[in-house]
Every structure is written in structure tokens, then in C-alpha cells.
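Structure first, then comments.
Just so you know, all these numbers are worked out from the coordinates, no wet-lab data involved. Remember, predicted model here, so these are calculated numbers, not experimental data. Using ideal geometry, Cβ is built from the backbone for each residue, glycine included, and neighbour counts are taken over all protein chains shown.
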Amino acid sequence: YPSVVAGHIPVEFLKLPEEVLTTTMIHHQHYFPVVDDEGKLKPAFLAVTNTQPEKPEIIARNGERVLTARLRDARFFWDEDRKTPLDSRIDRLATILFHKKLGSYREKADRVAALAEWIAREGVKNLDAAGNAARAGRLAKADLATDMVREFTELQGTMGGIYAREEGQPEQVWKPIYYQYLPSGVEADAPPTADQLGAAAVSWAALSMADKLD
């Protein structure tokens, strides 16, 4: 007998990136985020229970307490991670194994950066995109050394793009990092769309191909 219980979170958590909020709600708590008419997140969630509760407010209160604790952790990671630029995390990738026969993620980052630069320069003949693709490739795995991604592994890549954007990296660099694991299918309309990519289309394509080829 499933039923739905509504709960709320402190509005202050809406300052976190939307991706962090939805990942916490959906993947960690199995809750439904709530959005307004414009598609913006509201400080609320819906939880499905398998009974008809006599006092839904108690279930909602328990859900609020657990979710608030998770979001408090996420906010701490968000604040702490931004104190260290992605560039300075690259050396730490040497301590994270990619594959025992292929080395660390630092070695992978070097390979992907070189390959992405080559694809943009030689394959697409776009020198501007080549430089951006190389930089995006160099930074693409840096978020593996952040607290946020260690705790919220689903945000790998996405979080790196967000941190790069927060640091002021150009669109042609942070968007390739953000979308590096896409497309996840072969359909012509599979995201990311041309509108989502904007000026970063070529550098993203070079990085995405390089990562998959590697």
C-alpha cells in the first residue's frame, strides 16, 4: 500500500549545486526532488512508503533529519574542495590506480590530454579547440581527488566541471569536463545537445573521444 510523504529541507541548502542536491535525494535517499513551475528546485522532497502511515509527519521528520545530515556533509565538502584548485590536485592522481597494467589516473590524464589535443588539432583542424581540449583533458580526472567525489561517486566528471566553472575556467574547458562521460548512447539526439555545449562543442568532442579511446 504505497503512499507518499512530503518533507522539507532548510532553504540554505539550495545554495549547493543542483546536481549535488538531486544526487543526494535520488541516489542516496531514494527521494523525489520537487521543482517549481520554472523547473527550479524547491526546499522539499517526496518519499514513498510501503504503508498507509497513521502519522506521516513522523516519517517526514525522520526523512528530513537524515537528508539534512547528508546535505550538511555535502556542504562541508563543497566549501572545503573549493579551497584547492583542480590544477593542484593533479599530482594526487598519481596515488589513484586506474589499471594495474596502465598506471595511475595521473598517467591516464596525461594520455587523454595529449590525445584530445591531437584529435582537435589534426582531426578537426581547430587550433583554439586543441588548446582547450588539452587543458580539459589534463583536469578531467582531478575531481577524483576531491572529498565530494569520494563521497558522491556518481558525480565524477560532473563535479570536476562544476569546480572548473567556479574557478573561472572558460566554457570551452569546464563543459568538456562536465560532459566528458557523455554520450551514453549512440542515438543522434543523445545528450549533450548543441545548445548545452555552445562554444565548447569541439573541445568536448575531442575530450570525450580521447577518454573513450584511451
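The Rg/Rh ratio for segment 158-203 is 0.99, where Rg is the radius of gyration of the alpha carbons and Rh is the Kirkwood radius. Charge dipole (Cα centre; +1 on Lys/Arg Cβ, -1 on Asp/Glu Cβ; no other charges) of the chain amounts to roughly 660 debye. Taking amide H as placed 1.01 Å from N in the peptide plane, the amide H of Ser104 sits under 5 Å from that of Phe98, each at least 5 places away or on another chain.
For segment 77-89, the Karplus equation 6.51 cos²θ - 1.76 cosθ + 1.60, evaluated at θ = phi - 60°, returns couplings of 4, 4, 5, 6, 4, 6, 6, 10, x, 4, 3, 6, 8 Hz by residue, with Gly and Pro reported as x. Compared with the dominant principal axis of the Cα atoms in the chain, helix 127-139 is inclined by about 50°.
Out of every Cα pair in segment 108-165, what percent are spaced more than 13 Å from each other?
58 percent
With θ taken as phi - 60° and the Karplus curve 6.51 cos²θ - 1.76 cosθ + 1.60 applied, the whole-hertz 3J(HN,Hα) list for segment 90-103 is 4, 4, 5, 5, 5, 9, 10, 6, 8, 7, 4, 9, 10, x Hz, x standing for glycine and proline. Taking 0.36 nm per residue of separation and subtracting the Cα-Cα distance, full extension of the segment from Ala194 to Arg75 would add 39.7 nm.
Taking amide H as placed 1.01 Å from N in the peptide plane, Val34 has its amide H under 5 Å from the amide H of Lys42, Ala44, each at least 5 places away in sequence or on another chain.
Normalising the Debye intensity of segment 112-206 to I(0), with uniform scatterers on Cα atoms only, and taking log10 at q = 0.12, 0.16 Å⁻¹ returns -0.35, -0.61.
Mean residue ellipticity at 222 nm, helices only, the chain: -14000 deg cm²/dmol; runs of at least 4 DSSP H residues each add -39,500 (n - 2.57), and the sum is divided by the number of residues. Axis of helix 201-213 versus longest Cα principal axis of the chain: the two differ by about 90°, to the nearest ten degrees. Here the chain is treated as a Stokes sphere of Kirkwood radius computed over C-alpha pairs; at 4 °C and 1.567 mPa s its diffusion coefficient rounds to 69 µm²/s. Angle of helix 105-118 to the longest C-alpha principal axis of the chain, folded into 0 to 90 degrees and rounded to 10: 60°. Note on the chain: with a GNM built from Cα contacts shorter than 10 Å, the maximum mean-square fluctuation among Thr158, Thr51, Thr24 falls on Thr51.
Taking the chain as the region of interest, the number of lysine pairs whose Cα atoms are within less than 22 Å, with members eight or more places apart or on different chains, is 20. Note that segment 183-196 has calculated 3J(HN,Hα) couplings of x, 9, x, 9, 5, 4, 9, 5, x, x, 7, 4, 5, 5 Hz, one per residue in order, obtained from phi through the Karplus relation 6.51 cos²θ - 1.76 cosθ + 1.60 (θ = phi - 60°); glycine and proline are x. With viscosity 0.890 mPa s and temperature 25 °C, the Kirkwood radius over alpha carbon pairs of segment 1-89 converts through Stokes-Einstein to a diffusion coefficient of 174 µm²/s. Using a Förster distance of 30 angstrom, determine the FRET efficiency expected from the C-beta separation of Thr51 and His8, and round it to 0.05. For R0 = 30 Å, the calculated efficiency reads 0.90.
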